[in-house]
Amino acid sequence: MGNGITRALRVGALSAVLLTGGAAASRTNSPDTPAQSHPATPAVSNHALSGVVKSVDATTLVVTRAGKSPGEITFVLSPSTHRDGAIGVGATVQVRFRTERDTHVATAVLAIASKRHAAPEKTP
C-alpha cells in the first residue's frame, strides 16, 4: 500500500509544479509597476507530455506518443534533468521539458508504474 501512496504523491507533486509553474510564467507587470526594458531573448516555452520510451541513453530520450498528436519526440537529457523511477525502453513516462528553438530539453522525467505491474494492495 505504501508504494501506491508514494507514487500518487509523486504524481500529485509533479502536477502541482506543472500547474504553478505555468501560472508564475504568465504573470505580467501590474499597472502600478512600470514596464522594464529587457534585451531581446529567444522565447522559451515549457511543456509536459506522457508517452512510452522508445530509446534512452545518457544524453537522449525518445518517447512515442499516442492520442491527438501521435509520433516520436526526441529530448535532450542533461546532468540537471531530474529523473525519477525506472526509465527504460517500454516504460511509460511523464516528461517536463522546455523548447529552445527547435530542441526539446527535458527538465524532469518521471516513470509511471503501469496498473498491471503494480503490486496489489493488501486488505486488512
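Taken together, the values in this text are just the output of simple stated rules run on the coordinates, not laboratory data. Owing to the predicted nature of the structure, the values given are computational and were not obtained by experimental measurement. All Cβ positions, glycine included, derive from the backbone under ideal geometry; neighbour counts span all protein chains shown.
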Which whole-number percent gives the relative contact order of segment 45-112, counting Cα pairs below 8 Å spaced six or more residues apart?
35
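Which of the peptides 45-52, 94-101 is most tightly packed, and how do the rest follow, going by the mean number of other Cβ atoms within 10 Å of each residue?
Top to bottom by mean Cβ count within 10 Å: 94-101, 45-52.
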With Cβ to Cβ distances under 14 Å as the rule, what net charge do the other residues near Val89 carry (K, R +1; D, E -1)?
-1
Provide the descending list of Cα extents for segment 45-112 along its principal axes, expressed in whole angstroms.
26, 25, 16
Highest mean first, how do 75-82, 56-63 rank when packing is the count of other Cβ atoms within 10 Å averaged over residues?
56-63, 75-82
